[in-house]
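This report refers to the structure that appears directly beneath it.
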Amino acid sequence: LYNFYGDKEILSESYESMKHHMSYYDSIAKDNIVSWGLGDWQDASVQKGGFGGPRGTTVPFTSTCAYFHYADILHQTALLLDKPDDAARYQGQMDVIRKSLHETFYDAETGVYDTGSQTAYVLPLRLKITPEKERPRVIENFVKQIAKDDDHLTSGFVGMPFLLAELTEIGHGDLAWKIATQETYPS
């Protein structure tokens, strides 16, 4: 609501609940990695035989990306609500989670995150987890993965909202359009 209307009231009313939700993730994280969650549910790459849980990207990867994302939202909210101590705390937490996520799920030899799925590339790019010096290689691998997927989407509920926008922002709007206009499954 804030992003669309600029009204900070909803953030002010929700802030304590947001912090409480983040505390839950803090309590289940082991070494800044969250292993519980639904993952990239209904990932299109594996649904031809039926529907179900994530198979293309690991749950700890997507859950830890969510953990990072929630810390970022709290950081931004604390800044908007003029809570500098909280903002600094969540910025520090983002830095620690980013480091753990990158060290745990990134293969420096191959330039691949987690399983190398579309979601495994789009999340660290979109959330700014990938270090700047690694971004060109990760983007190149991301585009190659989409080519391997016959220019079709293969992400599920977690990766899908970011896929087309991120491709466009990293200079591959033509590929985003190609994916968006596919007429064969998954389209």
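With respect to G37, determine if the residue is in a loop (DSSP other than H, G, I, E, B), within 15 Å of the chain's Cα centre (by Cα) and over 25 Å from P131 (Cα atoms).
Values: in a loop (DSSP other than H, G, I, E, B): yes; within 15 Å of the chain's Cα centre (by Cα): yes; over 25 Å from P131 (Cα atoms): yes.
For G37, the condition - in a loop (DSSP other than H, G, I, E, B), within 15 Å of the chain's Cα centre (by Cα) and over 25 Å from P131 (Cα atoms) - is met.
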Picking from D150, D114, the residue that is open to solvent by 60 Å² or more (accessible area, probe 1.4 Å) and at positive phi would be D150
_Checking the structure you have, find out if any residue of the range 168-184 is in a loop (DSSP other than H, G, I, E, B) and in contact with a His (Cβ under 9 Å, 6 or more places away or on another chain)._
yes
A careful count of residues in the range 1-48 that are charged (D, E, K, R) and open to solvent by 60 Å² or more (accessible area, probe 1.4 Å) gives 8
(1) surrounded by fewer than 17 Cβ atoms within 10 Å (Cβ to Cβ); (2) of a type outside the set (A, V, I, L, M); (3) modelled with pLDDT under 95; (4) not in a helix (DSSP H, G or I) all hold for E109 apart from (3)
Within the range 122-147, the residues that are under 23 Å from M94 (Cα atoms) and either open to solvent by less than 10 Å² (accessible area, probe 1.4 Å) or in a loop (DSSP other than H, G, I, E, B) (or both) are V122, L123, P124, L125, L127, K128, I129, T130, P131, V138
Of the residues in the range 70-100, those that are closer than 16 Å to R126 by Cβ and touching an Asp or Glu at 6+ places or on another chain (Cβ under 6 Å) number 1
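The values are calculated or read from the model by the stated rules, or taken from the named source; none is laboratory data. These numbers come from a predicted model, not from an experiment. Methodologically, a virtual Cβ is constructed for each residue, glycine included, from the backbone with ideal geometry; neighbour enumeration extends over all protein chains shown. Surface accessibility is based on the protein's heavy atoms, side chains included, excluding ligands, DNA and RNA. Shrake-Rupley method; radii C 1.70, N 1.55, O 1.52, S 1.80 Å.
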